[in-house]
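Chemist: Quick one: the structure is below, and I'll ask about it shortly.
The values are calculated or read from the model by the stated rules, or taken from the named source; none is laboratory data. None of the values given here were measured: they were computed from a predicted structure. Cβ placement follows ideal geometry from the backbone for every residue including glycine, while neighbour counts extend to all protein chains displayed. Remember, those area values only see protein heavy atoms, side chains included, never the ligands or the DNA or RNA. Shrake-Rupley method; radii C 1.70, N 1.55, O 1.52, S 1.80 Å.
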Amino acid sequence: MSTNSLQQPDPELIPCDPNGRAPVWLTVVGIGDDGFAGLTRAARRALFDASVIYGGARHLAMLPARLRARRERWPTPFDIEPLLREQDAPVCVLASGDPMQFGIGATLARHIGAERMRVLPAPSSLSLAAARLGWPLQDVVAVSVVGRPLAAILASLHDGARLLVLSNDGATPAAIAACVTARGFGATKMTVFEHLGGSLERRIDGLAYAWHTAQCAALNLIALDCKTSGDGPRVALTPGLPDDAFLHDGQLTKRDVRALTLARLAPAPRELLWDVGAGCGSIGIEWMRAHPSCRAIAIEAHAERQRFIERNRDALGVPALQLVAGAAPAALAGLTLPDAVFIGGGVTVPGVFDACWSALRCGGRLIANAVTLEGEAVLAECRKRHGGTLTRIALADAQPLGGFETWRPALPITLYETVKS
């Protein structure tokens, strides 16, 4: 196809809004490792028509010299403001593969509005990897560790699971091999794809416990066909992980009570939980494990328990759990308003319940647990003011008594549940 033919107007390719609103001014072009040659006709047309093209250095270097558009690298740190100042003329943004899959597309849509932009995706690296491996993409868990802790993969480690991991750099595969081996998944089959879809594409296979390549190409994707060695902890999907899954000093919502509490909190996608008086972080951690988009803030004043939270959130695969070091109610000031609140400690502290209730969104759930008579009295008063239910939880375990066994009851828990109308 000649340059002249590409520069002729084509009505089918002109960006427009079917409802007659402001015209589309931004086109996000997904580009693979095969560069400009692999782009569709519509993507090439958009690049030829653009007045300016934004992208990373690697993507901009793939463009032919005959494109007349000004080329701008993304600023470091990332800043969208220069792009927003370019709205008077057609603008293109280059992104890897499918811009809406762990890409910049969603960020741009939030700032600009989907009606003012169009996205022309290329095959994503996830799609290419699934095609090479013969894996059904709908059955694969996709995880990104680009600029994120490696612990982000741990919540998805289950025997038989298949993961596609977007890598941060050339050292990531070896680091992931060590990470999954330490978690008892050393028998996992690993495949690293370098430069997927490009002329330099290469595949490296091995087992996690015997991974042999210390440094891969910077542009790589990791496939994990997970298999447990049988010597690591089994982490279930249901709430109520074993108490020994958490590092703690006894300040822990115990397993059975935790399962009941989480059922009442009822986590849902994209919702935010405040875990007030978080102890070792067990409630917030299990809330976030319920769905990848669930968010939680753990508020804890005790320094040693803050360290427990940091360790537990990484070990159980939710490194994005936010830790606020401080005591409620003062530590709650300025936090993002929650969809649900759990008060596990400090319900008798003046102002804690009222601050949580005031911050809670309409329709949000508040759960508070108490083990003392004083705490129970506070919850009874809260029920008078705000409605809801009180539930007494009494549990007992069979334990030895001489040559026999008897029931040893745990301290009864009073659980208060209410919904803000």
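Chemist: With a point put 7 Å past each Cα toward its Cβ, work out how far Lys254 is from Ala106 in nm, to one decimal.
Modeler: 3.9 nm
Chemist: Another question about this same structure. When only C-alpha pairs under 8 Å and at least 6 residues apart count, what is the relative contact order of the chain, in percent? Write down the numbers at each step before the final one.
Modeler: Numbers: 828 pairs, mean separation 41.6, N = 421.
Worked out over the chain, it gives 10 percent.
Chemist: Using a 1.4 Å probe, what is the accessible area per residue for the range 127-226, in Å²?
Modeler: Values: 4220 Å² over 100 residues.
For the range 127-226, the per-residue accessible area is 42 Å².
Chemist: Just to compare against my own numbers: the Cα pair-distance distribution for the range 214-279, 10 Å bins, whole % per bin, please.
Modeler: 14, 34, 25, 21, 7
Chemist: Can you say what percent of the DSSP beta bridges in the chain, counting only those with both residues inside, are antiparallel? Round to 5.
Modeler: Numbers: 34 of 72 bridges.
For the chain, the DSSP antiparallel bridge percentage is about 45.
Chemist: Please give the FRET efficiency for Asp354 paired with Asp244, using the beta carbon to beta carbon distance and R0 = 45 Å, rounded to the nearest 0.05. Mind dumping the intermediate values first?
Modeler: Values: r = 36 Å, r/R0 = 0.80.
Working from the Cβ atoms, E equals 0.80.
Chemist: Taking square-rooted eigenvalues a ≥ b ≥ c of the alpha carbon gyration tensor, is the chain rounded, prolate or oblate, where a/c under 1.5 means rounded and, failing that, a/b exceeding b/c means prolate? Spell out each step's value before the answer.
Modeler: On the way: a/c = 3.05, a/b = 1.69, b/c = 1.81.
It is oblate, given that a/c is not under 1.5 and a/b is not larger than b/c.
Chemist: State the extension gain, in nm to one decimal, for the chain segment bounded by Arg132 and Arg41, taking 0.36 nm per residue of separation less the distance between their alpha-carbons. Spell out each step's value before the answer.
Modeler: Details: separation 91, 0.36 × 91 = 32.76 nm, distance 2.55 nm.
Roughly 30.2 nm would be gained on extension.
Chemist: Between Asp159 and Ser293, what is the spin-label point distance in nm, taking each point 7 Å from the Cα along the Cα→C-beta axis?
Modeler: 3.2 nm
Chemist: Leaving out ligands and nucleic acids, note down the accessible area per residue over the range 26-123 with a 1.4 angstrom probe, in whole Å². Spell out each step's value before the answer.
Modeler: Numbers: 4600 Å² over 98 residues.
Averaged over the residues of the range 26-123, the accessible area is 47 Å².
Chemist: What order, most packed first, do the peptides 45-52, 59-66 have when packing is the mean number of other Cβ atoms within 10 Å of each residue?
Modeler: Details: 45-52: 20.1, 59-66: 13.9.
Going by the mean number of other Cβ atoms within 10 Å, highest first, we get 45-52, 59-66.
Chemist: Any idea what the relative contact order of the range 127-226 is, in percent, if you count C-alpha pairs under 8 Å spaced at least 6 apart? All intermediate terms of the calculation are to be shown ahead of the outcome.
Modeler: On the way: 190 pairs, mean separation 32.0, N = 100.
Relative contact order of the range 127-226: 32 percent.
Chemist: At 1.4 Å probe size, with the rest of the protein present, what percent of the exposed accessible area of the chain is carbon and sulfur atoms? Please list the in-between numbers first.
Modeler: Numbers: 11070 of 20500 Å².
Answer for the chain is 54 percent, counting heavy atoms of protein chains only.
Chemist: Okay, moving on. Under the definition of Cα pairs under 8 Å and six or more residues apart, what whole-number percent is the relative contact order of the range 80-176? Walk me through the numbers on the way to the answer.
Modeler: On the way: 72 pairs, mean separation 19.3, N = 97.
Worked out over the range 80-176, it gives 20 percent.
Chemist: Could you give the semi-axes, largest first, of the ellipsoid that matches the range 92-206, computed as the square roots of 5 times the alpha carbon gyration tensor eigenvalues and rounded to whole Å? Working shown, then result.
Modeler: Working: eigenvalues 152, 54, 36 Å².
Each semi-axis is √(5λ); the values are 28, 16, 13 Å.
Chemist: A further question on this structure: Top mean-square fluctuation among Ser127, Ser229, Ser199, Gaussian network model of the chain, C-alpha springs under 10 Å?
Modeler: Ser199
Chemist: Could I ask something else about it? When each pair of different Cα atoms in the range 186-333 is counted once in the 1/r mean, what is the Kirkwood radius in angstroms, to one decimal?
Modeler: Values: mean 1/r = 0.0571 Å⁻¹.
This gives a value of 17.5 Å.
Chemist: Shifting gears a bit: Which value, in Å², gives the accessible area per residue of the range 243-420 when a 1.4 Å probe is used on the protein heavy atoms?
Modeler: For the range 243-420, the solvent-accessible area averages 47 Å² per residue.
Chemist: If we restrict to alpha carbons, what Rg and Dmax does the range 26-123 come to, in Å?
Modeler: In order Rg, Dmax, the Cα atoms of the range 26-123 give 12.1, 32 Å.
Chemist: How about Lys189: which lysines have a C-alpha closer than 19 Å to its C-alpha, ignoring those fewer than 8 places off in the same chain?
Modeler: Lys227
Chemist: What translational diffusion coefficient, in µm²/s and rounded to a whole number, does the Stokes-Einstein relation yield for the range 147-204 at 20 °C and a viscosity of 1.002 mPa s, taking the hydrodynamic radius as the Kirkwood radius over Cα pairs?
Modeler: 172 µm²/s
Chemist: Based on the mean of other beta carbon atoms within 10 Å per residue, what is the order of 209-222, 162-175, most packed first?
Modeler: Working: 209-222: 16.2, 162-175: 20.2.
Highest-to-lowest ranking by the protection proxy: 162-175, 209-222.
Chemist: Give me the extension gain from Ala178 to Ala218: residue separation times 0.36 nm, minus the current Cα-Cα distance, reported in nm with one decimal.
Modeler: Working: separation 40, 0.36 × 40 = 14.40 nm, distance 1.83 nm.
Using 0.36 nm per residue and subtracting the Cα-Cα distance, I get 12.6 nm.
Chemist: Turning to a different aspect of this structure: State log₁₀ I(q)/I(0) for the range 292-346 at q = 0.24, 0.26, 0.28 Å⁻¹ as given by the Debye formula over alpha-carbon point scatterers of equal weight, solvent excluded.
Modeler: Debye curve over Cα of the range 292-346, log10 I(q)/I(0) at q = 0.24, 0.26, 0.28 Å⁻¹: -1.09, -1.23, -1.33.
Chemist: Compare the peptides 377-385, 249-257, 86-94 by average per-residue count of other Cβ atoms within 10 angstrom and give them in order, highest first.
Modeler: Details: 377-385: 15.1, 249-257: 16.9, 86-94: 18.7.
So the order, starting with the most tightly packed, is 86-94, 249-257, 377-385.
Chemist: Here is a follow-up. Taking just the C-alpha trace of the range 286-421, give me its Rg and Dmax in Å.
Modeler: 17.2, 57
Chemist: Moving on to the next point. For the range 241-347, what proportion of DSSP beta bridges, expressed in % and rounded to the nearest 5, is antiparallel?
Modeler: Details: 0 of 13 bridges.
Of all bridge pairs located within the range 241-347, approximately 0 percent are antiparallel.
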